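Below: one structure, written as structure tokens.
The values are calculated or read from the model by the stated rules, or taken from the named source; none is laboratory data. The shown structure was predicted, so the numbers you read here are calculated from the model rather than taken from an experiment. Note that each Cβ is placed from the backbone with ideal geometry, even for glycine, and that neighbours are counted across all protein chains shown. Note: accessible area is taken over every heavy atom of the protein model, side chains too, but ligands, DNA and RNA are not part of it. Shrake-Rupley method; radii C 1.70, N 1.55, O 1.52, S 1.80 Å.
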Amino acid sequence: MGLIKISPNEERARSILEMTKLIAERIKSQDKIKMASLIISDYYEIIKELITAVLLIDGYKTLSHKELIEYIKENHKIFSMHEISFLDNLRIIRNRISYEGFKVETSYLTRNENLFKLIIGKLNDIVGRELR
């Protein structure tokens, strides 16, 4: 893995946790039909930032979103292979949204919103447990 060893940074991890809560609030206020692509991007941002917080607590950093997912896969076995595969696919979709203006159907959001929330819940549990 292309991880960089750093001193653990719990303060920064706490700040990231607070920011993810703000993004979650923003999601609730958005129109799911008109803003599906942006909501999906926001869910990805929350997940990416929570994984970044886990790395910071553990004393690592990376600039690669792919490495973030790989780290969770290798170090936190509470995630199923389906969830890991879903995260990698979500990474690709988010890149298409951000860099190509890709528009995601509302049905994708509807079908997967519970999985977004499940993964975010697991990550929040990891961060919360490690910050205690």
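Just to confirm the number: angle between the C-alpha axis of helix 81-100 and the first principal axis of the chain, 0 to 90 degrees, nearest 10? Helix 81-100 and the main axis of the chain meet at about 60 degrees. Relative contact order for the chain: 36 percent, from Cα pairs under 8 Å spaced at least 6 residues apart, divided by residue count. Bridging of residue 122 to lysines at a Cα separation below 26 Å is possible for 5, 21, 28, 32, 48, 61, 66, 73, 77, once same-chain residues fewer than 8 apart are set aside. Measuring nothing but how far apart in sequence close Cα pairs (under 8 Å, 6+ apart) lie, relative to its length, the range 22-83 scores a relative contact order of 23 percent. For the chain, the longest principal axis of the Cα atoms and the long axis of helix 36-58 meet at an angle of about 0 degrees. Rolling a 1.4 Å probe over the protein heavy atoms of the range 70-132, with every protein chain left in place, gives an accessible area that is 49 percent carbon and sulfur. Sparsely packed loop sites in the range 1-40 (the trypsin sites (Lys or Arg not before Pro) outside DSSP H, G, I, E and B with at most 16 other Cβ atoms within 10 Å) comprise 32, 34. Rounded to the nearest 10 degrees, the inclination of helix 106-131 to the longest alpha-carbon principal axis of the chain is 20 degrees. The separation of the range 1-40 from the range 63-132, counted between C-alpha centres, amounts to 11 Å. By the helix-only formula, in which each DSSP H run with n ≥ 4 contributes -39500 (n - 2.57) and the sum is divided by residues, the chain has a 222 nm mean residue ellipticity of -26000 deg cm²/dmol. Solvent-accessible area per residue in the range 1-71 equals 55 Å², computed with a 1.4 angstrom probe and all protein chains kept.
In the range 111-132, which residues have a backbone nitrogen under 20 Å from the label point lying 7 Å from residue 22's Cα in the Cα-to-Cβ direction? Under cut-off, by backbone N: 124, 128.
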